[in-house]
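Data block below; observations after.
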Amino acid sequence: MQASAEFAQLRRSHRSFAFPLTIAFITWYLLYVLLSNYAGGFMDTKVVGHINVALVFGLAQFATTFGIAVWYSRHANAKLDPHSDAIKARMESAQDTGETESTEASA
């Protein structure tokens, strides 16, 4: 089953979404850490009252994490789940009819 074109498409669809987003989030997180360590004056800049840039960036980390989780969930529901359900159905029907995975992969 892993050699099938349908499985390869599922894997590509997941990777094309997850890898760039992971790199972007890690970059965003490291920017926050680096600014906190090396740009203390900037991060200490007051935005409103006692709220400074560092607090805004820190809270934005939580918002970003939540947003990515929602975005991935929608992506998975729309693009990944239909393909994985189809692959699962093919595997289960192959088991029910007594076919092996090697005959499925060669088909």
Need one value: the accessible area of residue 88 in square angstrom, 1.4 angstrom probe, rounded to the nearest 10.
120 Å²
By how many nm would the segment from residue 89 to residue 31 grow when fully extended, if each residue of separation counts as 0.36 nm and the alpha-carbon distance is taken off?
16.5 nm
Only helices counted: for the chain, with every DSSP H run of 4 or more residues adding -39500 (n - 2.57) and the sum spread over all residues, [θ] at 222 nm is -26500 deg cm²/dmol
With a 1.4 Å probe and every protein chain kept in, tell me what percent of the accessible surface of the chain is carbon plus sulfur.
65 percent
Accessible-area value, residue 93, 1.4 Å probe, nucleic acids and ligands omitted, Å²
60 Å²
Could you rank 35, 55, 80 by how accessible they are, 1.4 Å probe, largest area first?
55, 35, 80
Averaged per residue, the 1.4 Å probe accessible area of the chain, protein heavy atoms only, in Å², is roughly 71 Å²
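The values are calculated or read from the model by the stated rules, or taken from the named source; none is laboratory data. Everything numeric in this text was worked out from a predicted model, so none of it was measured. Side chains included, ligands, DNA and RNA excluded: accessible areas come from the protein's heavy atoms. Shrake-Rupley method; radii C 1.70, N 1.55, O 1.52, S 1.80 Å.
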